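The values are calculated or read from the model by the stated rules, or taken from the named source; none is laboratory data. Predicted model, so just to flag it, every value in this text is computed and none were measured. Virtual Cβ from ideal backbone geometry, glycine too; neighbours counted across all protein chains shown.
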Amino acid sequence: MWFEEIHNGFFKQGIKIEKKLFGTKSKYQQIEVYESKEFGRILVIDGHGMLCEKDEFIYHEMMAHVPACTHKEPKKVLVIGGGDGGVAKELLRHSHIEVDMVEIDEEVVNVSKEYFPQIGDWNNPRLNLIIGDGIEYVKNVEAGMYDMVLVDSTDPEGPAEGLFDRNFYAHVFKILKDDGLVVAQGESWWIDMPLHKQIMQVIGEFFKIVMPYRFEMYMYPGCNWNFVLGSKLYHPTADMIVQRADMLDGLRYYNADIHKASFILPNYVKKELGDLYKW
Ligand code: SAM
(Lines give C-alpha, C1' and ligand atoms only; values in the text may rest on other atoms or scores of the structure.)
Protein backbone atom coordinates (compact mmCIF):
# COMPACT_ATOMS: atom_id res chain seq x y z
CA MET A 1 0.00 0.00 0.00
CA TRP A 2 1.26 3.52 -0.86
CA PHE A 3 0.43 7.03 0.27
CA GLU A 4 0.66 9.01 -2.94
CA GLU A 5 0.29 12.72 -3.32
CA ILE A 6 -0.46 14.29 -6.68
CA HIS A 7 0.45 17.95 -6.78
CA ASN A 8 -1.05 20.34 -9.31
CA GLY A 9 -2.01 17.42 -11.53
CA PHE A 10 1.51 16.85 -12.87
CA PHE A 11 3.72 15.54 -10.10
CA LYS A 12 3.32 12.42 -7.98
CA GLN A 13 5.35 11.31 -4.98
CA GLY A 14 4.72 8.26 -2.76
CA ILE A 15 5.67 6.64 0.52
CA LYS A 16 5.21 2.93 1.23
CA ILE A 17 2.67 2.43 3.99
CA GLU A 18 2.41 -0.45 6.48
CA LYS A 19 -1.12 0.33 7.63
CA LYS A 20 -3.75 2.99 8.17
CA LEU A 21 -4.03 3.87 11.88
CA PHE A 22 -6.88 6.37 11.82
CA GLY A 23 -9.32 8.17 9.55
CA THR A 24 -12.18 10.60 10.09
CA LYS A 25 -14.09 13.37 8.36
CA SER A 26 -14.15 16.37 10.70
CA LYS A 27 -16.41 19.37 10.25
CA TYR A 28 -13.72 20.91 8.02
CA GLN A 29 -11.58 18.20 6.43
CA GLN A 30 -10.59 14.56 5.98
CA ILE A 31 -7.92 13.59 8.55
CA GLU A 32 -5.88 10.39 8.27
CA VAL A 33 -2.89 8.85 10.02
CA TYR A 34 -0.69 6.19 8.40
CA GLU A 35 2.18 4.08 9.67
CA SER A 36 5.27 3.70 7.48
CA LYS A 37 8.58 1.95 8.14
CA GLU A 38 10.94 4.60 6.81
CA PHE A 39 9.10 7.86 7.54
CA GLY A 40 7.29 6.84 10.76
CA ARG A 41 3.72 8.02 11.27
CA ILE A 42 2.27 10.35 8.65
CA LEU A 43 -0.51 12.95 9.14
CA VAL A 44 -2.62 13.54 6.02
CA ILE A 45 -5.31 16.21 5.62
CA ASP A 46 -7.57 16.17 2.56
CA GLY A 47 -5.10 13.90 0.75
CA HIS A 48 -2.08 16.17 1.40
CA GLY A 49 0.80 15.04 3.59
CA MET A 50 1.13 17.48 6.50
CA LEU A 51 3.99 15.92 8.38
CA CYS A 52 5.76 12.69 9.16
CA GLU A 53 7.78 11.71 12.19
CA LYS A 54 11.03 11.46 10.25
CA ASP A 55 11.30 15.05 9.01
CA GLU A 56 8.79 17.19 10.93
CA PHE A 57 11.64 18.74 12.93
CA ILE A 58 12.98 20.46 9.80
CA TYR A 59 9.72 22.28 9.06
CA HIS A 60 8.95 23.17 12.66
CA GLU A 61 12.45 24.34 13.63
CA MET A 62 12.76 26.46 10.48
CA MET A 63 9.34 28.07 10.79
CA ALA A 64 9.90 29.01 14.45
CA HIS A 65 13.59 29.78 14.98
CA VAL A 66 14.33 31.86 11.88
CA PRO A 67 11.88 34.60 12.94
CA ALA A 68 12.57 34.11 16.66
CA CYS A 69 16.30 34.73 16.04
CA THR A 70 15.58 37.70 13.74
CA HIS A 71 13.20 39.75 15.91
CA LYS A 72 15.05 41.69 18.63
CA GLU A 73 12.73 40.72 21.46
CA PRO A 74 9.73 38.58 20.47
CA LYS A 75 7.30 38.12 23.34
CA LYS A 76 3.77 37.75 21.98
CA VAL A 77 3.48 35.37 19.01
CA LEU A 78 0.35 34.33 17.13
CA VAL A 79 0.35 30.97 15.32
CA ILE A 80 -2.48 30.44 12.86
CA GLY A 81 -3.23 26.79 12.09
CA GLY A 82 -0.39 24.57 13.30
CA GLY A 83 -2.78 22.07 14.94
CA ASP A 84 -0.07 19.41 15.26
CA GLY A 85 1.60 21.65 17.87
CA GLY A 86 5.10 21.51 16.34
CA VAL A 87 5.64 25.20 15.56
CA ALA A 88 4.32 26.27 18.98
CA LYS A 89 6.62 23.75 20.71
CA GLU A 90 9.69 25.15 18.93
CA LEU A 91 8.70 28.75 19.73
CA LEU A 92 8.28 27.84 23.39
CA ARG A 93 11.97 26.84 23.58
CA HIS A 94 12.53 30.61 23.79
CA SER A 95 11.72 31.33 27.42
CA HIS A 96 10.59 34.93 26.71
CA ILE A 97 7.90 33.87 24.16
CA GLU A 98 4.18 33.39 24.81
CA VAL A 99 2.10 31.78 22.07
CA ASP A 100 -1.55 32.25 21.11
CA MET A 101 -2.41 29.50 18.65
CA VAL A 102 -5.63 29.69 16.62
CA GLU A 103 -6.48 26.36 15.00
CA ILE A 104 -9.84 25.95 13.26
CA ASP A 105 -10.16 22.18 13.65
CA GLU A 106 -10.13 20.73 17.17
CA GLU A 107 -10.02 17.25 15.64
CA VAL A 108 -6.50 17.91 14.25
CA VAL A 109 -5.36 18.80 17.77
CA ASN A 110 -6.97 15.66 19.25
CA VAL A 111 -5.48 13.40 16.57
CA SER A 112 -2.03 14.99 17.02
CA LYS A 113 -2.14 14.56 20.79
CA GLU A 114 -3.05 10.92 20.36
CA TYR A 115 -0.80 9.86 17.46
CA PHE A 116 2.06 12.41 17.59
CA PRO A 117 2.32 13.27 21.31
CA GLN A 118 6.05 14.06 21.10
CA ILE A 119 5.51 16.87 18.54
CA GLY A 120 3.50 19.25 20.77
CA ASP A 121 4.16 20.90 24.13
CA TRP A 122 0.49 21.06 25.01
CA ASN A 123 0.77 21.53 28.77
CA ASN A 124 3.14 24.47 28.59
CA PRO A 125 1.54 27.38 30.50
CA ARG A 126 2.89 29.84 27.87
CA LEU A 127 0.68 28.22 25.21
CA ASN A 128 -2.86 29.55 24.80
CA LEU A 129 -4.80 27.30 22.38
CA ILE A 130 -7.85 28.90 20.78
CA ILE A 131 -10.14 26.79 18.61
CA GLY A 132 -11.40 29.14 15.91
CA ASP A 133 -10.97 30.54 12.43
CA GLY A 134 -7.70 32.47 12.04
CA ILE A 135 -9.28 34.69 9.37
CA GLU A 136 -11.97 35.89 11.79
CA TYR A 137 -9.57 36.04 14.74
CA VAL A 138 -7.21 38.59 13.15
CA LYS A 139 -10.16 40.89 12.34
CA ASN A 140 -10.97 41.26 16.02
CA VAL A 141 -7.51 41.69 17.54
CA GLU A 142 -6.36 45.13 18.71
CA ALA A 143 -3.74 46.86 16.55
CA GLY A 144 -0.11 46.25 17.57
CA MET A 145 -0.81 43.25 19.82
CA TYR A 146 1.78 40.83 18.45
CA ASP A 147 5.52 40.77 17.77
CA MET A 148 5.26 37.93 15.26
CA VAL A 149 2.54 36.05 13.35
CA LEU A 150 3.31 32.60 11.91
CA VAL A 151 0.83 31.18 9.40
CA ASP A 152 1.20 27.38 9.53
CA SER A 153 -1.72 26.51 7.30
CA THR A 154 -2.83 23.89 4.84
CA ASP A 155 -2.79 24.73 1.11
CA PRO A 156 -5.27 27.34 -0.18
CA GLU A 157 -8.31 25.06 -0.27
CA GLY A 158 -11.27 24.78 2.10
CA PRO A 159 -10.88 26.69 5.40
CA ALA A 160 -7.36 27.88 4.52
CA GLU A 161 -8.31 29.64 1.28
CA GLY A 162 -8.71 33.07 2.89
CA LEU A 163 -5.32 32.76 4.61
CA PHE A 164 -3.71 33.49 1.25
CA ASP A 165 -5.46 36.75 0.36
CA ARG A 166 -4.69 40.42 0.86
CA ASN A 167 -7.54 41.12 3.31
CA PHE A 168 -6.07 38.60 5.71
CA TYR A 169 -2.59 40.16 5.41
CA ALA A 170 -4.00 43.66 5.89
CA HIS A 171 -5.21 42.49 9.30
CA VAL A 172 -1.97 40.64 10.07
CA PHE A 173 -0.04 43.86 9.32
CA LYS A 174 -2.33 45.83 11.61
CA ILE A 175 -2.10 43.48 14.61
CA LEU A 176 1.73 43.44 14.45
CA LYS A 177 3.80 46.03 16.33
CA ASP A 178 5.93 48.52 14.37
CA ASP A 179 8.86 46.10 14.37
CA GLY A 180 6.69 43.01 13.79
CA LEU A 181 7.20 40.24 11.31
CA VAL A 182 5.21 37.48 9.66
CA VAL A 183 6.21 34.05 8.33
CA ALA A 184 3.94 32.02 6.05
CA GLN A 185 4.17 28.58 4.52
CA GLY A 186 5.53 29.56 1.09
CA GLU A 187 5.00 26.43 -1.06
CA SER A 188 7.57 25.17 -3.60
CA TRP A 189 9.65 26.98 -6.24
CA TRP A 190 9.88 23.79 -8.23
CA ILE A 191 6.31 22.49 -8.06
CA ASP A 192 4.30 25.70 -7.60
CA MET A 193 6.16 28.90 -8.49
CA PRO A 194 2.91 30.77 -9.36
CA LEU A 195 1.52 30.20 -5.85
CA HIS A 196 4.87 31.09 -4.28
CA LYS A 197 4.88 34.35 -6.25
CA GLN A 198 1.30 35.07 -5.20
CA ILE A 199 2.29 34.72 -1.52
CA MET A 200 5.35 36.97 -2.04
CA GLN A 201 3.17 39.53 -3.79
CA VAL A 202 0.41 39.62 -1.17
CA ILE A 203 2.86 39.92 1.74
CA GLY A 204 4.88 42.49 -0.23
CA GLU A 205 1.83 44.75 -0.52
CA PHE A 206 2.26 45.50 3.18
CA PHE A 207 5.75 44.66 4.41
CA LYS A 208 8.98 46.55 3.67
CA ILE A 209 11.11 43.38 3.56
CA VAL A 210 9.82 40.20 1.86
CA MET A 211 12.20 37.27 1.45
CA PRO A 212 11.71 33.53 0.96
CA TYR A 213 13.89 31.04 2.78
CA ARG A 214 14.29 27.44 1.80
CA PHE A 215 14.48 24.09 3.53
CA GLU A 216 14.17 20.43 2.55
CA MET A 217 11.01 18.49 3.33
CA TYR A 218 11.52 14.99 2.07
CA MET A 219 7.85 14.04 2.33
CA TYR A 220 6.60 17.13 0.44
CA PRO A 221 6.36 16.84 -3.35
CA GLY A 222 9.73 17.68 -4.87
CA CYS A 223 11.39 18.07 -1.41
CA ASN A 224 12.26 21.74 -2.03
CA TRP A 225 10.06 23.97 0.11
CA ASN A 226 9.96 27.59 1.36
CA PHE A 227 8.71 29.91 3.97
CA VAL A 228 8.10 33.57 3.16
CA LEU A 229 9.18 36.12 5.74
CA GLY A 230 7.69 39.63 5.74
CA SER A 231 9.18 42.21 8.08
CA LYS A 232 8.40 45.80 9.04
CA LEU A 233 11.90 46.49 10.33
CA TYR A 234 14.36 43.68 11.02
CA HIS A 235 16.38 42.11 8.22
CA PRO A 236 16.52 38.32 8.61
CA THR A 237 20.25 37.99 7.89
CA ALA A 238 21.71 41.44 8.69
CA ASP A 239 19.87 41.66 12.02
CA MET A 240 19.89 38.01 13.01
CA ILE A 241 20.94 37.33 16.58
CA VAL A 242 23.65 34.70 16.15
CA GLN A 243 24.17 34.29 19.89
CA ARG A 244 20.51 33.41 20.43
CA ALA A 245 20.65 30.81 17.65
CA ASP A 246 23.86 29.34 19.09
CA MET A 247 22.32 29.03 22.53
CA LEU A 248 19.40 26.85 21.39
CA ASP A 249 19.93 23.36 22.65
CA GLY A 250 18.80 19.99 21.29
CA LEU A 251 17.86 21.10 17.75
CA ARG A 252 18.38 18.69 14.87
CA TYR A 253 18.32 21.06 11.88
CA TYR A 254 18.41 24.78 12.65
CA ASN A 255 21.64 26.61 13.46
CA ALA A 256 23.07 30.07 12.71
CA ASP A 257 24.74 28.96 9.45
CA ILE A 258 21.55 27.28 8.18
CA HIS A 259 19.63 30.47 9.05
CA LYS A 260 21.89 32.61 6.87
CA ALA A 261 22.28 30.06 4.06
CA SER A 262 18.55 29.45 3.73
CA PHE A 263 18.07 32.99 2.36
CA ILE A 264 20.49 32.53 -0.55
CA LEU A 265 18.58 32.34 -3.83
CA PRO A 266 19.49 30.46 -7.00
CA ASN A 267 19.59 32.60 -10.15
CA TYR A 268 16.41 31.16 -11.69
CA VAL A 269 14.48 32.12 -8.52
CA LYS A 270 15.92 35.65 -8.44
CA LYS A 271 14.87 36.06 -12.05
CA GLU A 272 11.36 34.69 -11.45
CA LEU A 273 10.77 36.85 -8.38
CA GLY A 274 12.13 40.12 -9.78
CA ASP A 275 10.69 43.04 -7.79
CA LEU A 276 8.63 40.74 -5.58
CA TYR A 277 11.87 40.12 -3.68
CA LYS A 278 12.20 43.05 -1.27
CA TRP A 279 15.35 43.06 0.85
N1 SAM B 1 2.91 21.80 8.02
C2 SAM B 1 1.71 21.63 7.34
C3 SAM B 1 1.77 21.77 5.86
O4 SAM B 1 2.03 22.86 5.36
O5 SAM B 1 1.56 20.79 5.17
C6 SAM B 1 0.60 22.40 7.96
C7 SAM B 1 0.28 21.77 9.26
S8 SAM B 1 -1.07 22.25 10.15
C9 SAM B 1 -1.69 20.67 10.56
C10 SAM B 1 -2.23 23.09 9.15
C11 SAM B 1 -3.46 23.44 9.95
O12 SAM B 1 -4.07 24.63 9.46
C13 SAM B 1 -4.55 22.37 9.94
O14 SAM B 1 -4.62 21.76 11.18
C15 SAM B 1 -5.83 23.14 9.59
O16 SAM B 1 -6.95 22.73 10.33
C17 SAM B 1 -5.41 24.57 9.93
N18 SAM B 1 -6.22 25.61 9.28
C19 SAM B 1 -6.67 25.65 7.99
N20 SAM B 1 -7.41 26.76 7.79
C21 SAM B 1 -7.43 27.45 8.96
C22 SAM B 1 -8.03 28.67 9.38
N23 SAM B 1 -8.77 29.42 8.54
N24 SAM B 1 -7.84 29.08 10.66
C25 SAM B 1 -7.09 28.34 11.52
N26 SAM B 1 -6.51 27.17 11.19
C27 SAM B 1 -6.66 26.73 9.92
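The criterion of at least 3 residues that are farther than 30 Å from E53 by Cβ is met, among helices (runs of 4 or more DSSP H) falling completely within region 210-279, by 267-273. Scanning region 149-184 for residues that are part of a strand (DSSP E or B), more than 11 Å from the ligand (Cβ to nearest atom) and within 16 Å of M200 (Cβ to Cβ) gives L181, V182, V183. Looking at region 210-230, can you tell me whether even one residue there is farther than 17 Å from M62 by Cα and modelled with pLDDT of 95 or more? No.
Note on region 92-121: residues that are of a type in the set (D, E, K, R), within 15 Å of the ligand (Cβ to nearest atom) and not in a helix (DSSP H, G or I) total 3. Kindly establish whether E106 is surrounded by fewer than 23 Cβ atoms within 10 Å (Cβ to Cβ) and either of a type in the set (S, T, Y) or modelled with pLDDT of 95 or more (or both). Answer is yes for this residue. Any chance you could count how many residues in region 75-91 are in a loop (DSSP other than H, G, I, E, B) and surrounded by 23 or more Cβ atoms within 10 Å (Cβ to Cβ)? Residues flagged as in a loop (DSSP other than H, G, I, E, B) and surrounded by 23 or more Cβ atoms within 10 Å (Cβ to Cβ) within region 75-91 amount to 4. Return the residues of region 122-148 that are hydrophobic (A, V, I, L, M, F, W, C) and within 12 Å of the ligand (Cβ to nearest atom); say none if nothing qualifies. Hits for region 122-148 are L129, I130, I131, I135, V138. Restricting to region 8-58, give me the number of residues that are of a type outside the set (S, T, Y) and part of a loop (DSSP other than H, G, I, E, B). Residues that pass the stated criteria total 15.
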